[in-house]
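Visitor: Mind looking over this structure? Questions follow.
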Amino acid sequence: MAGSGGLGGGSGDCKGTGSGQGPPLRAPRALLALVALVLGAYCLCALLGHCPPAARVPALAPARIELTSPARRPGAPDLPVASGSGLRRFPQALIVGVKKGGTRALLEFLRLHPDVRALGSEPHFFDRCYDRGLAWYRSLMPRTLDGQITMEKTPSYFVTREAPRRIHSMSPDTKLIVVVRNPVTRAISDYAQTLSKTPGLPSFRALAFRHGLGPVDTAWSAIRIGLYAQHLENWLRYFPLSHFLFVSGERLVSDPAGEVGRVQDFLGLKRVVTDKHFYFNATKGFPCLKKAQGSSRPRCLGKSKGRPHPRVPQAVVQRLQDFYRPFNRKFYQMTSQDFGWD
């Protein structure tokens with residue numbers, strides 16, 4: 001019976017390294033139970049795959065929750081907060097979209113600001129990991145001091161139907177940033193990323209249209225993401241337009257300081273990140289940081305950014321431009337911004 005306490009027992013998918021052979025374990029039963037509990041939690045997170053591990057937060061007596069709004073909402077859970085330098089708070093601002101629009105660049109530019117603390121990875125809480133709960137979500141966040149802003153970015157939120165309701169439930173005061181880009185070039189960039197991971201993928205044309213050059217296939221995510229007006233309609237059911245800032249992915253390349261300046265204004269921050277922080281890398285074709293956070297050396301985004309696009313026939317590009325035009329114009333009207341994609 002002594003062997004039944006080993007780490008090899010359990011669900012079967014989370015097996016320990018021991019085979020049950022060798023000298024019996026002599027560690028105290030309480031210690032073994034603790035180790036088994038930790039290993040079990042690790043295996044569960046590994047099995048779910050898409051959700052990042054939570055930070056280690058010490059167990060404390062219940063304390064007042066730190067929400068993004070000044071007063072706690074009626075019915076909001078009373079969760080413990082972490083001690084130490086600063087608190088883990090729910091994000092006051094989110095970069096919610098869009099994929100291949102320039103969200104990673106914007107996040108890295110904003111992280112230069114001393115009053116911005118941002119999660120580096122994409123937590124995917126409001127689309128994939130919502131069942132983990134708000135306490136788990138907040139445990140991922142960096143600690144912030146009073147006056148600092150907590151942020152995270154997950155571009156798939158913008159096209160996730162449940163995300164607006166879930167974010168509003170967390171805090172109706174959340175500020176929302178959407179980085180948008182010409183939907184045709186965005187779709188091609190999306191395809192290029194997928195192709196780099198899945199060689200042998202059908203051509204862009206074969207995926208974008210049904211039956212050759214028949215109707216545009218909006219079931220393909222690379223096409224569907226670019227229907228910005230439709231996605232925004234869902235968000236406006238929960239948040240007023242004043243809670244949004246729409247950043248041009250094109251201007252983020254041509255005038256990064258100008259676009260980042262708009263974001264700092266939107267967040268109520270002093271314009272600390274300016275043109276002195278950027279230089280244009282002609283090889284990559286987009287701006288890089290002269291001095292990255294925590295480093296004295298210039299830094300560009302990784303090699304996955306600025307990858308060459310596959311050649312797409314002009315007839316295909318034109319068909320897609322015609323398809324997106326009414327959606328683009330509606331989006332311009334909704335946002336009171338002309339992004340110049342037509």
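Visitor: Could you give the alpha-carbon Rg of the stretch 89-335 over 2.2 N^0.38 Å, rounded to two decimals?
Guide: So the Cα radius of gyration is 1.03 times the expected 2.2 N^0.38 Å.
Visitor: Same structure, new question: In whole percent, and with a 1.4 Å probe on the protein chains, what portion of the accessible area of the stretch 89-335 is carbon and sulfur?
Guide: On the stretch 89-335, the fraction of accessible area on carbon and sulfur atoms equals 51 percent.
Visitor: Still on this structure: So between Gln337 and Tyr279, what do we pick up on full extension, going 0.36 nm a residue minus the alpha carbon distance?
Guide: That works out to 18.2 nm of additional length.
Visitor: Need one value: the accessible area of Ser85 in square angstrom, 1.4 angstrom probe, rounded to the nearest 10.
Guide: Approximately 90 Å² of Ser85 is accessible to the 1.4 Å probe.
Visitor: Okay, moving on. Run the numbers on the stretch 89-335 and let me know its relative contact order in percent, using alpha-carbon pairs under 8 Å that are six or more apart.
Guide: Computed over the stretch 89-335, the figure is 22 percent.
Visitor: Which whole-number value in Å² is the accessible area per residue of the stretch 89-335, probe 1.4 Å?
Guide: Result: 44 Å² per residue.
Visitor: Considering only Cys300, Asn328, Val272, whose Cα is most displaced toward the positive end of the charge dipole of the stretch 89-335, charges sitting on Cβ of Lys, Arg (+1) and Asp, Glu (-1)?
Guide: Checked the options; the winner is Cys300.
Visitor: Next question, about the same structure. Which semi-axis lengths, in whole Å and largest first, follow from the square roots of five times the eigenvalues of the Cα gyration tensor of the stretch 75-230?
Guide: 35, 17, 13
The values are calculated or read from the model by the stated rules, or taken from the named source; none is laboratory data. Keep in mind that what you see is a predicted model, and the values were worked out from it rather than measured. Note: ideal-geometry Cβ built from the backbone for every residue, glycine included; neighbour counts use all protein chains shown. Surface accessibility is based on the protein's heavy atoms, side chains included, excluding ligands, DNA and RNA. Shrake-Rupley method; radii C 1.70, N 1.55, O 1.52, S 1.80 Å.
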